[in-house]
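Student: One structure follows; several queries about it will come next.
The values are calculated or read from the model by the stated rules, or taken from the named source; none is laboratory data. Quick caveat, the model's predicted, so the values are computed rather than measured. Note that each Cβ is placed from the backbone with ideal geometry, even for glycine, and that neighbours are counted across all protein chains shown. When the accessible area is computed, the model is the full protein with side chains, heavy atoms only, and any ligands, DNA or RNA have been set aside. Shrake-Rupley method; radii C 1.70, N 1.55, O 1.52, S 1.80 Å.
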Amino acid sequence: MSVKLKRLLDKADKARIRKDYAAAGALFEETVTLVPSAHQGWFGLGEVALGIGQTDTAVTFLEHAVQLQPENARYRQRLGELLCNLEQTEDGLAHLLAARRLAPRDAYVLCGLSGGYVKAGHWQKARSVLQDVIRLPRPRVEHYCLFGLACQRLGELDEALAAFRKATVLAPRYPDAWLSLGHLYLQKQQYDKAGKCVEKLFALAYSSPDLSDLAGEIAMTRGDNREAANFFRQAIEQTADSASNETLSLAHAKFAIALVMCGDAIPAIDAMERAHEFGLPEDWILEKLGAMFAIKHRSALARENLEMAVERNPDNLSAWNTLIVLYAGAGESEKVRKAADTILAKEPDNTYALMNLATWYNDQGRHEEALALLTRVRGIDPDARSSYSKALWTMLGASSVSAADILATARAMDERIFRPLRRRDDFTDRDRDPARRLRIGWLSSDMRHHPVSAFVLPFLRHFDHDALEIFIYYNASEEDHITRQCRAQADTWRVVIDIGDEALANLIRDDEIDILIDLNGFTDGCRTDAIARKPAPIQATWLGFPGTSGMSAMDYVIVPPDPALEKGDWCSETPWPLPDCYGVRADISATAIEPGLPCERLQAPFTFACLNHFRKASARTIELWGRILARTPEARLVVTALGGKDDTTIEYFRSQFERHGAAAGQLEVRGYVPVAQYFESYNGIDLGLDPFPFNGGTTGYDSIWMGVPFVTWPGEHLSARMGRAILNAVGLRELVADSAEAYVEIAVRLAHDHERLKALRAGLRERMLASPLLDAPRMARNLQTAFRDMWRRWCVGKAN
């Protein structure tokens, strides 16, 4: 390099560093004019173009620099970063990977590569690269923070915690480390520790809108609403006037929420008006407040805000829709109807209102009316995925629907919604050793106090971790003692609620999961779009949705031992029967069983009961229950339903039974009660009646545990044969009817033959304790065998 060229480049670099881009650009242009092969000049022109926002021009200059000097890692890195920022991730990553090969221990190159992986949605790969960075000699505090953020994004909260803590030790006065740590503690609901981070930042005399906002969020969790309001006010004052309207409106909205919680109506309205000035209408804010409280199950506050929203703007249909859900949850039939009519009068084709109304019909066992509305929704919007999943749930309980109808709807949903998402991946990189340790992924939003976890936690404790490596992908933010117990059984625990479906599928793929078990199905918190991408070579559905998924990406559906189910004509998956039972429970309830028949002990009418949600009571179920009551006029039937205290709902239910010969006084409709009261209520039940075709699952286990046998009539599909599986496991096959007439006859006979009923009830809890229904170690062994057999089939090309 000539002296003149070196001087020009030095002068140009100094101009660029002080952001005198005009001078720098002229000097770099002079260098490439003087020496066209001066790659430093072309690179400098690229940097200048980036500085003035001319990204396309920058790409051209940087590509020329790389062409002249392909072995320069810095050039490759900058070009790769720019291409990734321009959404040209494939080309960008190619350059970044080349830079890594040229400079494998350059922290700047590695950080650039991790950023490219983030742009491509490959958080696991980004994490791996950042882990290499912090293993280099003398890693910087920023590197630990980046690694922690990647782990946090992947749901590896413990690893993120360790990284942020390391950052605070390495540089105790580095504010971003403490801020990141505080946000992580907030996510983990460790509010005291998050508060300690805020205190540290205040001690450092650090000030920013992000810190004030974090302090406000922590104060809200403690119920310190006044303090929260003060922090949110401070965040507003610190936010630059140049901030976006969205940022400013959100800041004022949070301030308003805190003031509402303080009961400061006038200042809250002032804050709402400021939010409104930045683009948020007042009714929108009220609606969001209502939605927030609804999510937190604070129904009274939710209703208050939503009703104010529609009062201010009767055309706020989103608020009306949420009110339908709240009114339905409270069983207030008239209000449900009024809210739905209000929406549909303004928008007859409002799909959300139609679906919410369908849910209300379904809750009342009015399946055909619900299905008609959902069919109407699909006519309006063929891509309304909720209309398919709601229809599938409704069809499980409808006596007018066949297993073939359910399968056709599930397959239609797959064709329309899921199949287009599937990736082409034959997993050629996977080790096909049939005997190696398998990676099993469990995907669920219910690893907390929930019926699904009650069936999962017992066997999780008994897996052989030398044979299976357990990954749990937890799609929720709530944490309780059950969550902690589940996490303790996992080799890897990931919180994935904040990860999109593409990123979640990438994560499962990068984790090299061999068998993915979906425990949600079509329940709240499901991640069906991630599953549809087929991130694991073997995928199975179990527990959450008791039916077929219809998904071409789903290989197996796990079922109880039952020849009718094993035929597979009711499902799109291959049925995989477990040898002993469908699921195991543990620690059901400590409630004692009172001796004798309740009708004799309490000198009360003989009591039939179904404590399942009334949505499972099909028209055919109501017909047979009515016939049973007509033949046992001295008996009564207890059912539970949303709206168990609502006169309109009760009158509707009674009218349905009276059509089939039952007297009005024979039906007792109850609302939902606390868990302890629910279990105690079994001591007042003589004989249970299983609904059909949607049998009880969890409730069936509870009934047997409490010494109450029940009559069931199996149907064609999984949810219609749950009762049979439970009764067979405890030796009560005589209560499994083979026809409608047999169902009625068994119930009527036992209502009159108290001695036989006492014999069936005797020692029922002890029989359950000795059965597979409570044998968690056996279930763990059966699942391990199933997983190994599934894997062997896949290894020889017989996955499904």
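Student: Do we find a residue being surrounded by fewer than 15 Cβ atoms within 10 Å (Cβ to Cβ), at pLDDT below 95 and either in a loop (DSSP other than H, G, I, E, B) or charged (D, E, K, R) (or both) anywhere in the range 93-103?
Tutor: Scanning the range 93-103 turns up no residue that is surrounded by fewer than 15 Cβ atoms within 10 Å (Cβ to Cβ), at pLDDT below 95 and either in a loop (DSSP other than H, G, I, E, B) or charged (D, E, K, R) (or both).
Student: Hey, another quick one. Pull up the range 548-567, narrow it to residues that are in contact (Cβ under 8 Å) with a residue 40 or more places away in the chain, over 18 Å from Arg416 (Cβ atoms) and not aliphatic (A, V, I, L, M), then point me to the one that is surrounded by the fewest Cβ atoms within 10 Å (Cβ to Cβ).
Tutor: Once the filter is applied, the top-ranked residue is Pro561.
Student: Specify the residue that is farthest from the chain's Cα centre (by Cα); the eligible residues are those in the range 537-549 that are farther than 19 Å from Ala391 by Cβ and in a loop (DSSP other than H, G, I, E, B). Even if it seems obvious, please write down each step before you answer.
Tutor: We begin by selecting, within the range 537-549, every residue farther than 19 Å from Ala391 by Cβ; these are 537-540, 542-543.
Retained after the next criterion (residues that are in a loop (DSSP other than H, G, I, E, B)): 537, 542-543.
Numbers: Pro537: 22, Trp542: 15, Leu543: 15 Å.
The qualifying residue farthest from the chain's Cα centre (by Cα) is Pro537.
Student: Consider the range 400-425. How many of its residues are surrounded by 15 or more Cβ atoms within 10 Å (Cβ to Cβ), among the small types (Gly, Ala, Ser) and either under 22 Å from the mean Cα position of the chain (by Cα) or modelled with pLDDT under 95 (or both)?
Tutor: Looking only at that region, the number is 1.
Student: Does Asn85 fit the bill of being at pLDDT 95 or above, surrounded by fewer than 21 Cβ atoms within 10 Å (Cβ to Cβ), under 30 Å from Arg138 (Cβ atoms) and of a type outside the set (A, V, I, L, M, F, W, C)?
Tutor: no
The rows are residues; the columns are (1) closer than 18 Å to Asp213 by Cβ; (2) out of contact with any Ser or Thr (no Cβ under 8 Å at 6 or more places or on another chain).
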| position | (1), (2) |
| --- | --- |
| Thr239 | yes, no |
| Glu246 | yes, yes |
| Ser249 | yes, yes |
| Ala253 | yes, yes |
| Ala256 | yes, yes |
| Asp270 | no, yes |
| Ala275 | yes, no |
| Phe278 | yes, no |
| Asp283 | no, yes |
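Student: Does any residue in the range 5-33 that is under 14 Å from Leu45 (Cβ atoms) come within less than 7 Å, Cβ to Cβ, of a residue that is in a loop (DSSP other than H, G, I, E, B) six or more places away or on a different chain, and which pairs are these?
Tutor: Pairs that qualify, where the first residue is under 14 Å from Leu45 (Cβ atoms) and the partner is in a loop (DSSP other than H, G, I, E, B), are Tyr21/Ile52; Thr31/Ala38; Val32/Ala38.
Student: Mind telling me which of the residues Trp625, Trp570 ends up being part of a loop (DSSP other than H, G, I, E, B), more than 24 Å from the chain's Cα centre (by Cα) and surrounded by 23 or more Cβ atoms within 10 Å (Cβ to Cβ)? So that I can check it myself, show each step before the final result.
Tutor: Working: Trp625 fails: part of a loop (DSSP other than H, G, I, E, B).
Every option except Trp570 fails the conditions.
Student: Further, regarding this structure: Considering the range 512-536 alone, what residues qualify as being assigned to a loop (DSSP other than H, G, I, E, B), open to solvent by 10 Å² or more (accessible area, probe 1.4 Å) and not basic (Lys, Arg)?
Tutor: Glu512, Phe522, Thr523, Asp524, Gly525, Cys526
Student: Working only within the range 544-576, note down all residues that are closer than 20 Å to Ile513 by Cα and of a type in the set (A, V, I, L, M).
Tutor: Answer for the range 544-576, where residues must be closer than 20 Å to Ile513 by Cα and of a type in the set (A, V, I, L, M): Met551, Ala553, Met554, Val557, Ile558.
Student: Just give me the residues in the range 768-789 being touching a residue at least 60 places away in the same chain (Cβ under 8 Å), in a helix (DSSP H, G or I) and over 18 Å from Val456 (Cβ atoms), in sequence order.
Tutor: Selection gives Met768, Arg788.
Student: I'm trying to understand the selection: among the residues of the range 257-285, which are charged (D, E, K, R), in a helix (DSSP H, G or I) and over 15 Å from Glu304 (Cβ atoms)? Talk me through it step by step, then tell me what you get.
Tutor: Taking the range 257-285 first, the residues charged (D, E, K, R) are 264, 270, 273-274, 277, 282-283.
If we keep only those that are in a helix (DSSP H, G or I) as well, we get 270, 273-274, 277, 282-283.
Matches in the range 257-285: Asp270, Glu273, Arg274, Glu277.
Student: Under 8 Å between Cβ atoms, which residue pairs at least 6 apart in sequence (or on different chains) link something in the range 321-342 that is over 19 Å from Ala300 (Cβ atoms) and buried (at least 22 other Cβ atoms within 10 Å of the Cβ) with a partner that is modelled with pLDDT of 90 or more and charged (D, E, K, R)?
Tutor: none
Student: Next up: Might you check whether a residue that is open to solvent by less than 20 Å² (accessible area, probe 1.4 Å), aliphatic (A, V, I, L, M) and without any contact (Cβ under 8 Å) to a residue 40 or more places away in the chain occurs anywhere in the range 199-210?
Tutor: Residues of the range 199-210 open to solvent by less than 20 Å² (accessible area, probe 1.4 Å): 201, 208.
So of that shortlist, the ones also aliphatic (A, V, I, L, M) come out as 201.
Among the residues that remain, those that are also without any contact (Cβ under 8 Å) to a residue 40 or more places away in the chain are: 201.
Yes, that holds for at least one residue.
Student: While we're looking at this one, here's another question. Which pairs turn up if I take residues in the range 250-270 that are aliphatic (A, V, I, L, M) and look for partners that are open to solvent by less than 30 Å² (accessible area, probe 1.4 Å) and not in a helix (DSSP H, G or I) with beta carbon separation below 6 Å, at least 6 apart in sequence or on another chain?
Tutor: The qualifying pairs are Ala251/Thr239.
Student: Can Asp241 be described as at pLDDT below 90 and either surrounded by fewer than 20 Cβ atoms within 10 Å (Cβ to Cβ) or assigned to a helix (DSSP H, G or I) (or both)?
Tutor: Details: at pLDDT below 90: yes; either surrounded by fewer than 20 Cβ atoms within 10 Å (Cβ to Cβ) or assigned to a helix (DSSP H, G or I) (or both): yes.
The answer is yes for Asp241.
For every residue, the table says whether it meets (1) outside any helix (DSSP H, G or I); (2) over 44 Å from the mean Cα position of the chain (by Cα).
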| site | (1), (2) |
| --- | --- |
| Phe28 | no, yes |
| Pro36 | yes, yes |
| Gly46 | no, yes |
| Leu50 | no, no |
| Phe61 | no, yes |
| His64 | no, yes |
| Glu87 | yes, no |
| Glu90 | no, no |
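Student: Of everything in the range 611-621, what is open to solvent by 10 Å² or more (accessible area, probe 1.4 Å), among the hydrophobic types (A, V, I, L, M, F, W, C) and assigned to a helix (DSSP H, G or I)? Give them in sequence order.
Tutor: Within the range 611-621, just Ala619 meets the criteria.
Student: Can you tell me how many residues within the range 376-385 are surrounded by fewer than 17 Cβ atoms within 10 Å (Cβ to Cβ) and at pLDDT 90 or above?
Tutor: Number satisfying all stated conditions: 5.
Student: Can you find even one residue in the range 631-646 that is hydroxyl-bearing (Ser, Thr, Tyr) and either part of a helix (DSSP H, G or I) or more than 22 Å from Val748 (Cα to Cα) (or both)?
Tutor: no
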